[in-house]
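One structure is given below, encoded as C-alpha cells.
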Amino acid sequence: MFPDHLIIDFDSTIITKESLDELAHIALKDHPEKENRLQKIESLTQAGMVGEITFDESLSQRMALLNADRSDVEMAIGQLVKSITPSFAKNAEFIRKYKENIWIISGGFREMIIPVVAPFEIHETHVFANEFIYDEAQKIIGVDSNNPMAKAGGKVLQVNAMELEGEIHVIGDGYTDYELKANGPASRFFAFTENVKRKNVCSHADGILNNFDDYIRMTGD
Ligand SMILES: [Mg+2]
C-alpha cells in the first residue's frame, strides 16, 4: 500500500549528486582561489553542523564564497536535469501516479529542484527547500533566513509545520532524513543507497533501498 504521504530527499536521492557541490564547481571553475574556497566552504559546512556558528550563517557565508550568479545556477540546473538517479528516471510513471501524495524536502534550493522534478509532475507547492537571495546584478548574496529549511533541524521544523496526517514514509540518504522519524511525524524511514551508502544512516532505517524499485516492490504496486 502506498502511504498517505511519501517524503523524498533530493540530493544524492532523486539525483545522483549534491546540488550545492555542482553549483560550487561551476561558479568557481575559473576562479584563482578555487581549491582554497572549496576548502573553506567545506569547513563552514562542518562549523554549521556542529553548531560553532548558526546554520543559516554557515549557509550565507558559503554563498558569499561561491560568488555565484544566476547564470551559474542555470548552468548547474542543466547538469542536474541530466543527473536523475536511474531508478527514479525509470519509475517516472509510478511517481506521477502518486504525485498528490509525494513531497520533496531538501536542504538544497527550490530553484534548482523544481526544474529537475518537473518530469515527475510533482507540484511546486510540494517542494520545500532553501531560497537564494540575489542582488540587482543577479549575484547570489545569501539565503532566505526566514525559511525553516535555513535553520538547524530545518527538515523537522518544516515537516512538523505541514501537519501531515496518516502513514508517512521518508526516503533519503542522510541522517537529517532519518530525523524526520526520530524527531518528527514520519512513521517509517527508508535509507536510500543507490548513490551513497552511509552506515550511521542505514543502522537507523526500517528498510534499506538499493534503488527505488525496492520501495515500489514493498508497497505492493
Ligand atoms: Mg540527500
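The values are calculated or read from the model by the stated rules, or taken from the named source; none is laboratory data. These numbers come from a predicted model, not from an experiment. Backbone-built Cβ (ideal geometry, glycine too); neighbour counts: all protein chains shown. We work out accessible area using only protein heavy atoms, side chains counted, and drop any ligands, DNA or RNA first. Shrake-Rupley method; radii C 1.70, N 1.55, O 1.52, S 1.80 Å.
A few points about this structure:
- Of all the numbered requirements in (1) farther than 18 Å from V117 by Cα; (2) in a helix (DSSP H, G or I); (3) among the charged types (D, E, K, R), D11 misses one, and that requirement is (1).
- Applying the criterion of being among the aliphatic types (A, V, I, L, M) and in contact (Cβ under 8 Å) with a residue 60 or more places away in the chain to the residues of the stretch 177-188, the residue that is surrounded by the most Cβ atoms within 10 Å (Cβ to Cβ) is A186.
- Taking the stretch 129-149 as the range and being open to solvent by less than 50 Å² (accessible area, probe 1.4 Å) and hydrophobic (A, V, I, L, M, F, W, C) as the test, the residues that pass are A129, F132, I140, V143, M149.
- Qualifying positions in the stretch 189-218 - touching a residue at least 40 places away in the same chain (Cβ under 8 Å) and either surrounded by fewer than 14 Cβ atoms within 10 Å (Cβ to Cβ) or more than 11 Å from the ligand (Cβ to nearest atom) (or both): E194, N211, F212, D213, Y215, I216
- Of T45, T16, all but one fail to be of a type in the set (S, T, Y), within 21 Å of V196 (Cα to Cα) and open to solvent by 50 Å² or more (accessible area, probe 1.4 Å); the exception is T16.
- Strands (runs of 3 or more DSSP E) completely within the stretch 137-221 that count 3 or more residues being touching a helix residue (DSSP H, G or I) at 6+ places or on another chain (Cβ under 8 Å) and closer than 18 Å to D4 by Cα: 168-172, 188-192
- Applying the condition of being free of Cβ contacts under 8 Å to residues at least 40 places away in the same chain and among the aliphatic types (A, V, I, L, M) to the stretch 24-55 and asking which residue is nearest to A76 (Cα to Cα) yields L28.
- Test set (1) open to solvent by 60 Å² or more (accessible area, probe 1.4 Å); (2) under 21 Å from A191 (Cβ atoms); (3) in contact (Cβ under 8 Å) with a residue 60 or more places away in the chain - D21 fails condition number: (3)
- The set of residues in the stretch 121-142 being away from the ligand (no atom under 15 Å from the Cβ) and touching a residue at least 40 places away in the same chain (Cβ under 8 Å) consists of F132, Y134, A137, Q138, K139, I140, I141, G142.
- Here the stretch 150-176 is the region considered, the condition is being among the charged types (D, E, K, R) and surrounded by fewer than 16 Cβ atoms within 10 Å (Cβ to Cβ), and the residue that is nearest to the ligand (Cβ to nearest atom) is E167.
- Matching residues, the stretch 83-120, being among the acidic types (D, E) and either surrounded by 14 or more Cβ atoms within 10 Å (Cβ to Cβ) or within 14 Å of the ligand (Cβ to nearest atom) (or both): E111
- The set of residues in the stretch 1-55 that are modelled with pLDDT under 85, of a type outside the set (A, V, I, L, M, F, W, C) and either on the phi > 0 side of the Ramachandran plot or more than 16 Å from the chain's Cα centre (by Cα) (or both) comprises E42, Q46, G48, G51, E52, T54.
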